[in-house]
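For reference, the structure discussed in these notes is given below.
The values are calculated or read from the model by the stated rules, or taken from the named source; none is laboratory data. Quick caveat, the model's predicted, so the values are computed rather than measured. Please note: Cβ atoms are built from the backbone with ideal geometry, for glycine as well, and neighbour counts cover all protein chains shown. Ligands, DNA and RNA are excluded from the accessible area calculation, which covers all protein heavy atoms including side chains. Shrake-Rupley method; radii C 1.70, N 1.55, O 1.52, S 1.80 Å.
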Amino acid sequence: MIHTELNSGILAVTFNRPQECNSFNCDMFRRLRDRLKSAERNPDIRVIVVTGEGEHFSLGQDLNDMSHSILNNRHPAITFMREFAAFPKPIIANVHGNAFGLGMALLLHCDLVVADPNSRFQLPFSHQELVPLFASSMLLPQRIGPQRSTALLLLGEEFTAEQGYQWGLINQVAPQQQRDEIVARWGEQLCNIPERVIHQTKQLLHRSATRHSEEVMADEWHLFSEYMREPSVHA
């Protein structure tokens, strides 16, 4: 479900559930959380690159799997989200195919994002009779304003990679070979910066969001859990 490979200080983390479009289930959340904890402690790892195996980056959360789990504050999903949001080392996302739901919300916590020109993005929580997750209800309005955020979170509108670039959600848009080159260049540049400088700069960049994101994630998770207990959500 998760494949990792370390090369020259860069840990590639691949979502490897292509038959299910890399939708996140409880086991995936657990494995990702454990990989992040291990990577944070490992001084040989300077940068994380996340990508997806198969046709899509990730089409979100596996609602059927989550409906059979205990949705409390120790659930693998919320513990993973906390770990990812607070991760001190740079995270690069290399996106191909589509990033929907939690797959899109995860990108809001990445430091650098490059996407394929044909990629599409969506936060269809309302279509699933659910509320947003991963502090997306706070981060999205901060990035793109309340009007666009309302269209994305309430109406569940899709947007393209080019739109994401224009709105400041994506750093660059490029086809596969160029994306891989961009990611390699970013990774090398980041590895050449002193680790203390990286950590402190990340703290400064995200200090305002960090103070509130855990509280917002907790509120979202509480409401999400309540909605998930309603049979119509995962029928």
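Sort 98-111, 60-73, 135-148, 16-29 for me by packing, meaning the mean count of neighbouring Cβ atoms within 10 Å per residue, highest on top.
So the peptides 98-111, 60-73, 135-148, 16-29, ranked by packing, come out 98-111, 16-29, 135-148, 60-73.
Would you calculate, for the chain, the mean residue ellipticity at 222 nm contributed by helices, counting each DSSP H stretch of 4 or more residues as -39,500 (n - 2.57) and dividing by all residues, to the nearest 500?
-15000 deg cm²/dmol
Compute the acute angle (0 to 90°) between the alpha-carbon long axis of helix 176-191 and the principal axis of greatest extent of the alpha-carbon atoms of the chain; round to the nearest 10°.
For 176-191 against the chain, the angle is about 70 degrees.
Using only the alpha-carbon atoms, what does segment 148-235 span along each of its principal axes? Please give whole angstrom values in decreasing order.
Extents along the principal axes: 50, 32, 24 Å.
Within the set of other residues whose C-beta is less than 14 Å from the C-beta of GLY168, count the net charge using Lys and Arg as +1 and Asp and Glu as -1.
With Lys, Arg at +1 and Asp, Glu at -1, the neighbours total 0.
Which trypsin sites (Lys or Arg not before Pro) in segment 30-118 sit in a loop by DSSP (not H, G, I, E or B) and have at most 15 other Cβ atoms within 10 Å of their own Cβ?
ARG74
When a/c is below 1.5 the answer is rounded, else prolate if a/b is larger than b/c, else oblate, so apply that to segment 85-235 with a ≥ b ≥ c taken from the square roots of the Cα gyration tensor eigenvalues.
Since a/c reaches 1.5 but b/c is at least a/b, the shape of segment 85-235 is classed as oblate.
Treat segment 60-152 as a sphere of radius equal to its Kirkwood radius over Cα pairs and apply Stokes-Einstein at 20 °C in a medium of 1.002 mPa s; give the translational diffusion coefficient in µm²/s, rounded to a whole number.
Rounded to a whole number, D works out at 150 µm²/s.
How do TRP167, TRP221 rank by accessible surface area computed with a 1.4 Å probe, from largest to smallest?
Descending order: TRP167, TRP221.
Using a/c under 1.5 as the rounded threshold, could you call segment 1-134 rounded, prolate or oblate? The axes a ≥ b ≥ c are square roots of the C-alpha gyration tensor eigenvalues, and prolate needs a/b larger than b/c, oblate otherwise.
In terms of gyration-tensor shape, oblate.
Just want to confirm a number: the relative contact order over segment 1-155, from Cα pairs under 8 angstrom separated by 6+ residues, in percent.
20 percent
Quick one: accessible area per residue over the chain, 1.4 Å probe, rounded to a whole number of Å²?
48 Å²
Please give the net charge around ASP62, taking every other residue with its beta carbon less than 11 angstrom from that of ASP62, where Lys and Arg add +1 and Asp and Glu add -1.
So the surrounding residues net to -2.
Just to verify a number: what accessible area does ILE91 come out at with the full protein assembly present, 1.4 Å probe, Å² rounded to tens?
Only protein atoms counted, so the area is about 0 Å².
Running Debye on segment 3-61 with equal point scatterers at the Cα sites and no solvent, what base-10 log of I(q)/I(0) appears at q = 0.12, 0.13, 0.15, 0.21 Å⁻¹?
-0.29, -0.33, -0.44, -0.79
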